[in-house]
Amino acid sequence: MYTANQVSDWFLVKHSSEMQTDDANDEYLTQMKLHKLLYYAQGVNLALFSEKLFSEDLLAWRHGPVVREVYERFKGQREIGEEISDEELENYEEISDDLDNRMVLEVVYETFGGYSAAKLRNMTHEETPWIEAYESRNENDVISESTIKTYFENHIVEK
């Protein structure tokens, strides 16, 4: 299992690479979009393998699922990943070396990476895991792992 920041690094490197090779993809990743990609990656991994991809909790905040540790890392920044560090590249390579993890992240990026941050926010606002956690205002706004797993098994992942 990885940290959410390591998985974030995978998305940052992937997006940066796509920006360099795809003329139509000329926008840096935003923090909001990154959090939604993390949510979808965690959900797909739970649905397929019954285990978390990263250890941190997803929280139901006003604009959708958020990982506090990633929020703190990029606090105050709208666009992120303008320059890729050696550590970010190392994390990308480490995760990519695991076939299952790479498959999950590639599928999530290909499926959801083309959507805007606002579109992804709106999508998560229509999904049971965020709705239940946000409306119940549970302790620390944690989105239940079991709710994520069940929702993704029934609505997102085709087995």
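The values are calculated or read from the model by the stated rules, or taken from the named source; none is laboratory data. Predicted model only: the values in this text are computed from it and were never measured. All Cβ positions, glycine included, derive from the backbone under ideal geometry; neighbour counts span all protein chains shown. Note: accessible area is taken over every heavy atom of the protein model, side chains too, but ligands, DNA and RNA are not part of it. Shrake-Rupley method; radii C 1.70, N 1.55, O 1.52, S 1.80 Å.
What angle do you read, to the nearest 10 degrees and between 0 and 90, between the alpha-carbon axis of helix 145-155 and the longest principal axis of the chain?
Compared with the principal axis, the helix lies near 80 degrees.
Placing unit charges on C-beta atoms (Lys and Arg positive, Asp and Glu negative, everything else neutral), compute the dipole magnitude of the stretch 4-159 about its Cα centre in debye, rounded to 20. Display every interim value, and only then the final one.
Numbers: 15 positive and 34 negative charges, 170 e Å.
Dipole of the stretch 4-159, to the nearest 20 debye: 820 debye.
On a 1.4 Å probe surface of the protein chains, which of LEU89, LEU53 comes out largest in accessible area, and what is the full order? Let's see the in-between values first.
Working: LEU89 70, LEU53 5 Å².
If we order LEU89, LEU53 from most to least accessible, we get LEU89, LEU53.
Mind pulling the angle between the C-alpha long axis of helix 99-112 and the longest principal axis of the chain? Nearest 10 degrees, somewhere in 0 to 90.
80
Using just the Cα positions, wrap the stretch 68-159 in a convex hull and report its mean projected area in square nanometres, one decimal place.
So the Cα hull casts an average projection of 7.7 nm².
Angle between the Cα long axis of helix 4-21 and the longest principal axis of the chain, 0 to 90 degrees, nearest 10?
Relative to the chain, helix 4-21 is tipped by roughly 50 degrees.
Find the accessible area per residue for the stretch 18-159; the probe is 1.4 Å, ligands and nucleic acids are left out, and the unit is Å².
56
Once you keep just the Cα pairs under 8 angstrom separated by 6 or more residues, what percentage relative contact order results for the stretch 1-155? Intermediate values should be presented prior to the final figure.
Working: 203 pairs, mean separation 53.3, N = 155.
Taking the mean separation of contacting Cα pairs over the length of the stretch 1-155, I get 34 percent.
Ordering LYS36, LYS119, LYS75 from largest to smallest accessible area (1.4 angstrom probe), what's the sequence? Intermediate results must be reported in sequence, preceding the final value.
On the way: LYS36 5, LYS119 95, LYS75 115 Å².
The most accessible residue leads, giving LYS75, LYS119, LYS36.
Could I get the Rg over Rh figure for the chain? Both from C-alpha atoms, Rh via Kirkwood, rounded to two places.
Over the Cα atoms of the chain, Rg/Rh equals 0.94.
What number comes out for the charge environment of ARG121, summing +1 per Lys or Arg and -1 per Asp or Glu over other residues with Cβ under 12 Å away?
My count for the surroundings of ARG121 gives +2.
Over all pairs of distinct alpha carbons, what does the Kirkwood formula give as the hydrodynamic radius of the stretch 32-82, in Å?
Taking every pair of different Cα atoms in the stretch 32-82, averaging 1/r and inverting gives 11.6 Å.
For ARG73, what accessible surface area do you get with a 1.4 Å probe? Give it in Å², rounded to 10.
Counting only protein heavy atoms, the figure is 80 Å².
Any lysines with Cα under 23 Å of the LYS52 Cα? List them, leaving off those in the same chain fewer than 8 positions away.
LYS14, LYS33, LYS36, LYS149, LYS159
On the protein heavy atoms, probe 1.4 angstrom, tell me the percent of accessible surface of the chain carried by carbon and sulfur.
Here carbon and sulfur together make up 42 percent of the probe-accessible area.
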